[in-house]
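As structure tokens, the structure follows; a few thoughts come after it.
Taken together, the values in this text are just the output of simple stated rules run on the coordinates, not laboratory data. Keep in mind that this is a model prediction, so the values were computed, not measured. All Cβ positions, even for glycine, are placed from backbone atoms using ideal geometry, and neighbour counts span all protein chains on display.
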Amino acid sequence: MLPVVGRASDEPIQLLRAELVLRGEAYSLLGGYQLKLSPAMTDALERGVPLHFVQLFEADRPRDFWLSEDVADLRRVLRLSHNALLRNYQISSGGNVRTFDTLSHALQTLGALDDWHVFDKKAVQHKFLYQARVRMYLDTSLLPKPLQINAFTSNRWDLDSDWREWSFKP
């Protein structure tokens, strides 16, 4: 599988790499994003406001005369929070909580796509070409209401990688 590799930029969220790898009977997504929080986001986080990030993965087989055949459509939500009393950062997802001493380590882990099981080997056939897409963004709808209004009217809360797409053949 050819990996998608990002370019260096000053964007607040940037895809560094995304690659599908066959491991046993399943395909896993490897790679990750580089995240840079705005000062407004960092301030809110350190004042106790959790930030929710969404990672999306889609894969399908385009067809000429019919709708695309869906292979995978996955979503996972990661919650980044700061504990002022313990002076650490936490990432929680699906009941799992990981703790970090620094924001930079937490952001590095938050952007990781490593070992995300995305679909089984039997969902794809060797004779077809497939399309895969990834995206990550800050879900501003889960912010407290006053911050939602601020996020809607200001680009300081705009953290979205947009879709990155690539073709792959199993």
task = Could you name the lysines whose alpha carbon sits less than 16 Å from that of Lys127, not counting residues in the same chain fewer than 8 places away?
result = Lys169
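Equivalent-ellipsoid semi-axes (√(5λ), Cα gyration tensor) for the range 4-168, whole Å, largest first?
32, 18, 14
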ask   = For His52, His82, His126, what ranking results if the residue with the fewest other Cβ atoms within 10 Å of its Cβ goes first?
value = His126, His52, His82
query = Out of residues 5 or more away from Val71 or on other chains, whose amide H comes under 5 Å of its own, with H placed 1.01 Å from N in the peptide plane?
reply = Ala59, Asp60, Arg61
